[in-house]
Amino acid sequence: MNKRGVFITLEGIDGAGKSTQLRLLTGWLRRHGYRPCVTREPGGTRVGEQIRNILLSSANRKLTPLAELLLMYAARHQHLEEVVRPALARGELVLSDRFNDASLAYQGFGRGLGERPVRLLDELICGSLQPDLTLILDAPPSVALRRASQRGEGADRRRFENIGLRFQGRVRKGYHEIARHEPRRVKLINADRPAREVQTEIREIVNSFLSERSTLKDSSRRRKRLKSEGRKK
Ligand SMILES: Nc1ncnc2c1ncn2[C@@H]1O[C@H](COP(=O)(O)OP(=O)(O)OP(=O)(O)O)[C@@H](O)[C@H]1O
Ligand SMILES: [Mg+2]
């Protein structure tokens, strides 16, 4: 595939602050003339959102780890074909709230499936379409749980509480492993501090990443402006 856009993913355990940071990052990019395609997993498509409901429903506790993984990749295939691939082909900047690293962290490490089934499916479904840059928001599970519990009574919260802190600890360890193996693509960001501080670091990373890429269609003048304003905040 002739990939012309840029694919950035946000990762982290439940309640680490992904959606908050993605919202802030999107606003900042828009103010600087970018038109990012913002999406999420599981979900991002009609079919994917239905699969998301199956995955997050507390009524489906009997879902086996492998069934969970297969559903994740079913949703991911739909998401890639309907949203990510077309947007990248148009040269867009795609921002996804979670993507394939979540499968390795949650199903591979958290559920104990190991890396093999995840990597097999990833090769089949994603192949060479991997994120260009991944930001992992890293926070202790106790901090993330406190944040998630402030958010109200959603399916996410029920599921989070059912799964528990030890599970989130394994997922976090998985994310650490991913960052250790791919330091160029994956940046581990300390999310255990005020959201504004986290956002400043994210903007610096994204800014220098976009400045180095010549694939985006924006002018060098716009990139320069982004750079100078990124430093001010
Ligand atoms: N750095 C921060 N400090 C304090 N509270 C935060 C911070 N970042 C986010 N929050 C708050 O914590 C809660 C969870 O944040 P958010 O929804 O962004 O997390 P998330 O990683 O997207 O969670 P999930 O994985 O469940 O989707 C929200 O109420 C949000 O306002
Ligand atoms: Mg979220």
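For segment 39-83, give me the residue count where each residue is out of contact with any Gly (no Cβ under 6 Å at 6 or more places or on another chain) and open to solvent by 40 Å² or more (accessible area, probe 1.4 Å). So the count comes out to 20. Taking every residue in segment 54-78 that is without any contact (Cβ under 8 Å) to a residue 40 or more places away in the chain and pairing it with any residue that is among the basic types (Lys, Arg), at least 6 positions away or on another chain, the pairs with Cβ-Cβ distances below 8 Å are ALA75/ARG52.
Which of the residues spanning segment 76-115 are part of a strand (DSSP E or B) and among the β-branched types (Val, Ile, Thr)?
VAL94
Can you tell me which residue is modelled with the highest pLDDT among those in segment 3-26 that are more than 14 Å from ligand 1 (Cβ to nearest atom) and surrounded by fewer than 20 Cβ atoms within 10 Å (Cβ to Cβ)?
By that ranking, first place goes to ARG4.
Candidates in segment 167-188 are the residues that are touching a strand residue (DSSP E or B) at 6+ places or on another chain (Cβ under 7 Å) and under 13 Å from THR9 (Cβ atoms); of these, the one that is most open to solvent (accessible area, probe 1.4 Å) is LYS187.
Condition first: touching a helix residue (DSSP H, G or I) at 6+ places or on another chain (Cβ under 8 Å) and free of Cβ contacts under 8 Å to residues at least 24 places away in the same chain. Now tell me which residues in segment 92-117 satisfy that. Within segment 92-117, GLY114, GLU115 meet the criteria. Hey, among the residues in segment 27-53 that are more than 22 Å from VAL198 (Cβ to Cβ) and in contact (Cβ under 8 Å) with a residue 60 or more places away in the chain, which one's farthest from ligand 1 (Cβ to nearest atom)? Of everything passing the filter in segment 27-53, GLY33 is farthest from ligand 1 (Cβ to nearest atom). Scanning segment 1-49 for residues that are assigned to a helix (DSSP H, G or I), within 16 Å of ligand 2 (Cβ to nearest atom) and among the aliphatic types (A, V, I, L, M), we see that the one that is nearest to PHE167 (Cα to Cα) is LEU22.
The values are calculated or read from the model by the stated rules, or taken from the named source; none is laboratory data. Since the model is a prediction, treat every value here as computed from it, not as a measurement. No Cβ is skipped: glycine too gets one built from the backbone with ideal geometry, and neighbour counts run over all protein chains shown. Heavy atoms of the whole protein, side chains included, go into the accessibility calculation; ligands, DNA and RNA do not. Shrake-Rupley method; radii C 1.70, N 1.55, O 1.52, S 1.80 Å.
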